[in-house]
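Presented below is the structure to which this report refers.
The values are calculated or read from the model by the stated rules, or taken from the named source; none is laboratory data. Every value quoted in this text rests on a predicted model; they were computed, and no experiment measured them. Neighbour counts run over all protein chains shown; Cβ positions are idealised from the backbone, glycine included. Remember, those area values only see protein heavy atoms, side chains included, never the ligands or the DNA or RNA. Shrake-Rupley method; radii C 1.70, N 1.55, O 1.52, S 1.80 Å.
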Amino acid sequence: MAAAGAEAGGRAGQLKSSGLRHGWTTGACATAAAKAAYTALLTGEFPDPVTITLPKGQQPAFALAAERLTAEGEQPASAMAGVVKDAGDDPDVTHGALVRATVRPGESGAGVVFRAGPGVGTVTKAGLPLAVGEPAINPVPRQMIRDAVAEVAAAHGGSGDVVVEISVDHGEEIARSTWNPRLGILGGLSVLGTTGIVVPYSCSAWIDSIRRGVDVARAAGRTHVAGCTGSTSEKVAVAVHGLPEDALLDMGDFAGAVLKYLKRHPVPRLTIAGGFAKLSKLAHGHLDLHSARSQVDKGYLAELARRGGADEELAAAVAVANTGLEAVQLCRAAGVPLGDLVAEAARATALGVLLGSPVAVDVICIDRAGTIVGRAEPLGP
């Protein structure tokens, strides 16, 4: 076995070994801004810095870059707070953007109602984890904001019934550098994030950290590792296989880096777990899954659907689907196992890279909520 090059494995160990500085997601910044604004709405004072709790329990503090309290008679009508996004060492197009939250009293019993302010997009097409017409504020950031609002309400005697408007300065302009317009998210950016933390993938240091993660797993005697595209797929891999932290490889978009290193330094079993859209790229032969360097090929998905029994009407619908998720939903409704077909093709690509190395591969495809939509059972060389 190779010698360990890091004290810990898994996501945290990789980040530490990479020497890169993590950052904060747009969703974390929006949560901090919303918490500060709602606190000011109830107390008249903005907490600065403002501390939030992330999904895994971390409690970062954010400095406020903007604040405004607007009164209406004797009662404050709204409060706005802004946080500048720090993406760490990741080349994120939203690094340095000012994320604002404006909070107003809502209707009794309504809870938290979300609105898209300037620079935040609105969903106009199906196939995303939000309904058409909704602000492009993804499910995890929404829950983070709800939790922060509930915390403030409990501390200061509020009802928790508020309208939260999220905006991003120059967001519509920044969004032109993203896939949002093509996905039907119009008017600005999406508010994203599943952990609240931006892990810097897009550089050679992260590939080095993947190699270090394999070394750690091998030194610990692990016979089964999982290469995961993100935190949601990591949770699924753990739930399915019961893997310990030092067997988890946060591969991000770098599927090729995992496979090529395991070819030279094999572990008997590899699980590849990730979102359906990303793994459809691997299925089609791409080893770099980043959106800027490979795309979901709907024509390829339509051909896979035909192999799975889809008629021409369904195949045509898959070919023009808004997202990979919509394609798999269309096929599922018709009883066509597109998710399994993608998983099997991704497994074939992986085994082709491993080229006879003694590594058996299985694949798990998930949707954005972490639901398994495709599986390929273990297959060796």
For the chain, averaging the sequence separation of alpha carbon pairs under 8 Å that lie six or more residues apart and dividing by its residue count, the contact order in percent is 17
Inverse of <1/r> over all distinct C-alpha pairs of the chain, i.e. the Kirkwood Rh in Å, gives 21.9
Applied in sequence order to segment 130-138, the curve 6.51 cos²θ - 1.76 cosθ + 1.60 (Karplus, θ = phi - 60°) yields integer Hz couplings, x standing for Gly and Pro, of 10, 6, 4, x, 7, x, 7, 10, 5
Taking r as the C-beta separation of D147 and Q295 and R0 as 30 Å, the FRET efficiency to the nearest 0.05 is 0.30
Pseudo-spin-label distance K235 to A220, built 7 Å along Cα→Cβ, given in nm, is 2.0
Rounded to whole Å, √(5λ) for the Cα gyration tensor eigenvalues of segment 221-272, largest first, gives 17, 14, 7
Label model pair V320, E134: point-to-point distance (7 angstrom along the Cα→beta-carbon line) in nm is 2.5
On the formula 1/(1 + (r/R0)^6), with r taken between the Cβ atoms of S159 and Q58 and R0 of 41 Å, the FRET efficiency rounded to 0.05 is 0.90
Pseudo-spin-label distance R332 to D288, built 7 Å along Cα→Cβ, given in nm, is 3.2
The distance between the Cα centres of segment 236-262 and segment 143-179, in whole Å, is 32
Here, GluC sites (Glu not before Pro) of segment 103-173 satisfying both criteria (DSSP loop; at most 12 other Cβ within 10 Å) are E107
So for R0 = 30 Å, FRET eff. of E107-D311 from the Cβ-Cβ r, to 0.05, ends up at 0.05
With the label point 7 Å along the Cα-to-beta-carbon line of A369 and a cut-off under 18 Å to each amide N, the hits in segment 308-333 are 323-333
In Å², rounded to a whole number, the accessible area per residue of the chain with probe 1.4 Å is 41
Checked segment 241-369 against the a/c 1.5 cut and the a/b vs b/c comparison, axes a ≥ b ≥ c from its Cα gyration tensor; verdict prolate
The answer for the longest stretch of the chain without any exposed trypsin sites (Lys or Arg not before Pro) (DSSP loop, at most 12 further Cβ atoms within 10 Å) is 57-175
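Where Lys and Arg each count +1 and Asp and Glu each count -1, what net charge lies around E165 among other residues with Cβ under 12 Å from its Cβ?
Its environment carries a net charge of +3.
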